[in-house]
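Okay, structure first, notes after.
The values are calculated or read from the model by the stated rules, or taken from the named source; none is laboratory data. Just so it is clear, the structure is predicted and the values come from calculations on it, not from any experiment. Heads up, the Cβs are rebuilt from the backbone with ideal geometry, glycines too, and the neighbour counts pull from every protein chain shown.
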Amino acid sequence: MSVQTISPSQLGDLVKSGRSVHVIDVRTPLEFREVHATCAKNIPLDKLDPAEIAKTRNGSSESLYVICKSGARGKQACEKLVAAGQSNVVNVDGGTAAWEQAGLPVVRGQKAMSLERQVRIAAGSIVFTGVLLSYFVHPYFIWLSGFIGAGLVFAGVTDTCGMGMVIAKMPWNQVRS
C-alpha cells in the first residue's frame with residue numbers, strides 16, 4: 001500500500017497560507033512534550049483509533065497530515081487509517097526531525113530520554129546479562145541473548161519494535177496531566 005507524503009516545507013507553506021490544516025503527531029506523549037510542530041495534535045500510535053478520527057473529521061475531504069519523529073511511525077499510522085477507509089491521509093516526510101531542520105516553528109518542552117535510546121539500553125543490558133549468566137550460571141542462558149538478537153532483527157525487518165512499545169508504556173514515559 002502506497003502512502004502519500006509531503007515535505008515539511010510544503011506543509012509549512014500550507015500552514016503559513018492560513019488554510020485549515022489538520023496534523024496529528026503519533027509519537028508518545030513524552031516525545032511530543034519534548035518538541036513538536038506548533039500545528040500538531042498528539043494522538044499516540046498505540047491509541048490511534050481510525051473510527052474516532054473519522055468521527056472528528058465528519059467526512060471531511062481535507063487532507064489529514066501525520067507526523068512522527070522520522071516518518072516510520074507516521075507511515076504505519078497512515079497505513080492503518082487508509083486500511084480503515086480514510087482518504088487523503090498524508091505522511092510528513094522525515095517527521096518532526098525534518099520539520100525542525102527546515103526551521104519551521106516548534107513548541108519545546110521538558111527534555112526526555114528518547115524511546116530509541118531506552119530500547120538500546122534495555123536490549124544491551126539483557127544481552128550482556130544473558131552472556132554473563134551463560135558463562136557463570138548455565139550455558140542455556142545464551143538463549144536470552146539470542147532471543148533479544150532475533151527481536152532486534154525482527155524490529156529492523158518489520159519496522160515494529162515490541163520492546164519499544166512496552167517501554168513506551170512504562171510510568172517514566174507517561175505524561176501526567
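In table form, for the structure just shown:
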read-out	value
Selection within the stretch 69-82 - touching a residue at least 40 places away in the same chain (Cβ under 8 Å), of a type in the set (A, V, I, L, M, F, W, C) and in contact with a Leu (Cβ under 8 Å, 6 or more places away or on another chain)	Ala77
Meets criteria (in contact (Cβ under 8 Å) with a residue 12 or more places away in the chain, farther than 24 Å from Ser9 by Cβ and surrounded by fewer than 16 Cβ atoms within 10 Å (Cβ to Cβ)) for Gly85	yes
Any pair with Cβ under 7 angstrom, 6 or more apart, that starts in the stretch 113-132 at a residue that is closer than 21 Å to Arg33 by Cβ and ends at one that is part of a helix (DSSP H, G or I) and of a type in the set (Gly, Ala, Ser)	Leu115/Gly164; Leu115/Ala168; Val119/Gly164
Residue in the stretch 122-131 that is under 21 Å from the mean Cα position of the chain (by Cα) and either farther than 27 Å from Ala155 by Cα or outside the structural domain of Asp159 (by TED's automatic domain parsing) (or both) present	no
The listed residue being surrounded by fewer than 16 Cβ atoms within 10 Å (Cβ to Cβ) and in a helix (DSSP H, G or I), out of Ser134, Ser125	Ser125
Candidates Asp46, Asp13 - the one that is assigned by TED's automatic domain parsing to the domain that holds Val90 and more than 17 Å from the chain's Cα centre (by Cα)	Asp13
Close pairs from the stretch 43-58: first more than 11 Å from Ala77 (Cβ to Cβ), partner modelled with pLDDT of 85 or more, Cβ under 6 Å, at least 6 apart	none
Failed item, numbered, when Gln86 is tested on (1) in a helix (DSSP H, G or I); (2) of a type outside the set (Phe, Trp, Tyr); (3) at pLDDT below 95	(1)
Qualifying residue in the stretch 167-175 (condition: more than 15 Å from Thr28 (Cβ to Cβ) and either surrounded by fewer than 16 Cβ atoms within 10 Å (Cβ to Cβ) or outside the structural domain of Ser63 (by TED's automatic domain parsing) (or both))	no
Residue among Lys55, Lys41, Lys69 that is part of a loop (DSSP other than H, G, I, E, B) and more than 13 Å from Leu11 (Cβ to Cβ)	Lys69
